[in-house]
Amino acid sequence: FGSHRTGEAAPALLVPPLRVEVLKKHGVKNFTATLTVSREGVVTAVVIQAGSEMPEKMIKPITDALTKALMIPAVKDGQFVDGTYEYRFLATPEN
């Protein structure tokens with residue numbers, strides 16, 4: 001926080017809200033979601049971007065989980081502000 005007395009930083013994710021092995025088991029291959037994060041660090045909206053590869057039935061559980069994500073809010077000139085965070089998931093053999 002002290003390093004952002006001037007300038008700005010986007011919101012940051014504290015703990016990954018989704019488990020890779022569970023997503024892969026349910027056929028989720030990839031997606032990008034835009035999270036709107038309030039200055040209090042609360043996720044107020046989640047939008048799954050077009051082009052995502054996942055079963056339709058997984059959109060709601062993923063959206064619900066991302067809504068509960070623990071976030072650090074964006075900072076601008078030493079103050080917490082509203083911001084957006086891009087959450088990306090890509091299933092690979094390694095994960």
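Pairs please, first residue from segment 25-37 and at pLDDT 95 or above, second anywhere and assigned to a helix (DSSP H, G or I), Cβ atoms under 7 Å, 6+ apart in sequence or on different chains.
26/58; 28/58; 33/66; 35/66
What is the residue count in segment 68-95 for residues that are within 16 Å of residue 13 (Cα to Cα) and open to solvent by 60 Å² or more (accessible area, probe 1.4 Å)?
8
Within segment 52-63, identify whether any single residue is in contact (Cβ under 8 Å) with a residue 12 or more places away in the chain, hydrophobic (A, V, I, L, M, F, W, C), open to solvent by less than 80 Å² (accessible area, probe 1.4 Å) and closer than 28 Å to residue 8 by Cα, and answer yes or no.
Scanning segment 52-63, I find no residue that is in contact (Cβ under 8 Å) with a residue 12 or more places away in the chain, hydrophobic (A, V, I, L, M, F, W, C), open to solvent by less than 80 Å² (accessible area, probe 1.4 Å) and closer than 28 Å to residue 8 by Cα, so the answer is no.
When residues of segment 19-41 are filtered for being assigned to a loop (DSSP other than H, G, I, E, B) and closer than 14 Å to residue 88 by Cα, how many remain?
Selection size over segment 19-41: 3.
Does segment 1-51 hold any residues that are among the basic types (Lys, Arg) and open to solvent by less than 70 Å² (accessible area, probe 1.4 Å), and which are they?
If the condition is that a residue be among the basic types (Lys, Arg) and open to solvent by less than 70 Å² (accessible area, probe 1.4 Å), then no residue fits.
Considering only segment 63-95, state which residues are part of a helix (DSSP H, G or I) and over 10 Å from the mean Cα position of the chain (by Cα).
64
The values are calculated or read from the model by the stated rules, or taken from the named source; none is laboratory data. In this text the structure is predicted, and so the values were computed from the model without any measurement. Note that each Cβ is placed from the backbone with ideal geometry, even for glycine, and that neighbours are counted across all protein chains shown. These area figures cover heavy atoms from the full protein model, side chains too; ligands, DNA and RNA do not enter into them. Shrake-Rupley method; radii C 1.70, N 1.55, O 1.52, S 1.80 Å.
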